[in-house]
Amino acid sequence: MHLKFRRGSALLYRSTWVPKASAGNTHGFSRQTYVGSMPTSAEAIPSALRERLSDDECAFIDARICAPAKAAAERLRMEEERRERDPGWRLVEAQRLVAEAAERSAAQPVTAVTAERLMDAVGRLRVTGNPQAAEPAMTSDPLAEALSAVRSATQAVANGRYGKAPPEQVRTTRTYKLWADLWAAVEGETEGSLLRALQDRGFVKRRGR
């Protein structure tokens with residue numbers, strides 16, 4: 001039995017030896033007779049083809065085609081199961097999509113409910129390694145939320161949400177007072193500001209140091 005492979009199919013030929021002087025030939029030669037074909041991915045010999053084969057030929061085809069096909073199918077099955085269990089590639093893809101969403105949220109903010117659901121899903125992740133490194137994934141991140149809020153406010157101001165400032169007494173407007181309170185909450189040197197808290201925790205150096 002000989003095999004020829006073409007476009008995902010195995011072509012089966014039975015070889016017989018024609019001796020010298022037989023049928024008038026001057027030398028012996030091998031004659032190949034086409035028997036049938038089957039897919040190279042077949043894990044078993046089709047029943048119609050098996051009926052035309054001897055036991056030895058079936059064993060030959062099982063070893064050359066069916067066994068490798070079974071092994072390949074098993075490897076594929078195991079890889080699919082491993083991929084199904086693996087959270088890593090899902091997180092890589094999610095990280096890419098969230099990064100794209102964060103960029104676009106500057107022009108089109110998402111709802112707080114959407115962000116909270118995302119944070120909740122991240123908080124349910126089981127992590128290994130340095131607990132501090134995993135801290136942002138364990139709970140919602142107030143700094144990230146504050147940054148998102150500031151970006152959203154910036155876009156709202158730019159889009160005219162608060163209109164134009166009056167020509168006089170700007171500091172008496174609600175918008176200016178909110179800005180002053182925001183500045184104090186973030187940059188203020190007094191106790192209770194974000195800057196002072198970050199300085200106390202060593203994340204930000206104090207001015208002059």
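The values are calculated or read from the model by the stated rules, or taken from the named source; none is laboratory data. Remember, it's a predicted structure, so these values are computed and weren't measured experimentally. Here the Cβ positions follow ideal geometry from the backbone for every residue, glycine too, while neighbour counts run over all protein chains shown. In case anyone asks, the SASA skips ligands and DNA or RNA and just uses the protein heavy atoms, side chains included. Shrake-Rupley method; radii C 1.70, N 1.55, O 1.52, S 1.80 Å.
Taking θ = phi - 60°, what integer Hz values does the Karplus form 6.51 cos²θ - 1.76 cosθ + 1.60 yield along segment 5-17, in sequence order, with x for Gly and Pro?
Listing the rounded values in order: 10, 8, 6, x, 10, 9, 9, 9, 10, 9, 9, 10, 9 Hz.
With a 1.4 Å probe and all protein chains left in place, how much accessible area per residue does segment 51-209 have, in Å²?
Per-residue value: 83 Å².
Which one, Lys20, Lys164, Lys177, has the greatest fluctuation when you compute a Gaussian network model over the chain with C-alpha springs under 10 angstrom?
In this elastic network of the chain, the residue with the biggest mean-square fluctuation among Lys20, Lys164, Lys177 is Lys20.
If you look at just the Cα atoms of segment 22-132, how large are its Rg and its Dmax in Å?
Considering segment 22-132 through its Cα atoms, Rg and Dmax are 29.1, 92 Å.
Efficiency by 1/(1 + (r/R0)^6): what FRET value for Arg117 and Glu79, r their Cβ-Cβ distance, R0 = 30 Å, to the nearest 0.05?
Efficiency for this residue pair is about 0.45.
Using only DSSP helix segments of four residues or longer, with each worth -39500 (n - 2.57), what per-residue ellipticity at 222 nm results for the chain after dividing by its residue count and rounding to 500?
My calculation for the chain gives -14500 deg cm²/dmol from helical runs alone.
Which one of Thr40, Thr172, Thr26 has the biggest mean-square fluctuation once the chain is modelled by GNM with Cα springs under 10 Å?
Greatest mean-square fluctuation among the candidates belongs to Thr26.
What nm distance separates the two modelled labels at Leu97 and Glu51, each placed 7 Å from Cα along Cα→Cβ?
5.2 nm
Report the Rg/Rh value for the chain, based on alpha-carbon coordinates and the Kirkwood definition of Rh.
When Rh is taken as the Kirkwood radius, the ratio is 1.44.
What does the charge count around Asp62 come to, taking other residues whose C-beta lies under 13 Å from its C-beta (Lys +1, Arg +1, Asp -1, Glu -1)?
-1
Once you place label points 7 Å from the Cα toward the Cβ at Trp17 and Leu125, how far apart are they in nm?
Simple spin-label model gives 6.8 nm for this pair.
Using a probe of 1.4 angstrom, how much of the accessible area of the chain is carbon and sulfur, in percent?
Of the solvent-accessible surface of the chain, carbon and sulfur hold 56 percent.
Take the alpha carbon atoms of segment 25-73, find their radius of gyration, then divide it by 2.2 N^0.38 Å using N residues; give the quotient. Don't skip to the answer; put the middle values down first.
Numbers: Rg = 13.8 Å, N = 49, 2.2 N^0.38 = 9.7 Å.
Cα-based Rg divided by the globular estimate yields 1.43.
How large are Rg and Dmax for segment 48-87 when calculated on the C-alpha trace, in angstrom?
Computed over the Cα atoms of segment 48-87, radius of gyration and Dmax are 15.4, 49 Å.
With θ taken as phi - 60° and the coefficients 6.51, -1.76 and 1.60, list the Karplus ³J(HN,Hα) couplings across segment 50-62 in order, rounded to whole Hz; mark glycine and proline as x.
Values per residue, Gly and Pro as x: 4, 5, 9, 10, 7, 4, 5, 5, 4, 5, 4, 5, 4 Hz.
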